[in-house]
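Reviewing the structure listed below.
Nothing in this text is a laboratory measurement; each read-out follows from the coordinates by a stated rule. Because the structure is predicted, anything quoted here is derived from the model rather than measured. We place every Cβ from the backbone using ideal geometry, glycine too, and count neighbours over all the protein chains shown.
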Amino acid sequence: MGYVERKRWLFFGLPFTFTKYFIKEDMITVDSDLLKTVENDCYMYKVQDVELTATLVQKMFGLGTVVCHTGDTTHPKLVLEHIKHAREIKEFILRESEEARLKRRTVNMLDIGSDALDDDGE
């Protein structure tokens, strides 16, 4: 399963742009194309956090913007702009990125003060 979405014009939500987003279980691909094709990939396990934003105008046309904060060098902030099903896609990316990290055993653990104890255990 996955999603294929197209960046849309903000007004009326029409897909008149040449940017496509392919969101699969293991990878997000941004394909920009008009006179020159530019294709960028980000593996799901590199996605650290996902954010959904929707302006009033985006809400009126059923659109949203999904921002993926990643550990990827080319796209530390991967933006899927003006897409339909934004909430669904955000949830999909969160779920699949967590599964990908577990599969690769690259889960980030948070150290919440284990070094706060001194030698006496206090």
Tail beyond 18 Å, pair distance distribution of region 1-79 (Cα, percent): 45 percent
L52-K84 pseudo-label distance in nm [points 7 Å out on the Cα-to-Cβ vector]: 1.6 nm
In Hz, Karplus ³J(HN,Hα) per residue of region 80-97 (6.51, -1.76, 1.60; θ = phi - 60°; x = Gly, Pro): 9, 9, 6, 10, 7, 6, 4, 5, 4, 5, 4, 4, 4, 5, 4, 5, 5, 5
Residues with amide H under 5 Å from that of T17, placed H, sequence gap 5 or more: W9
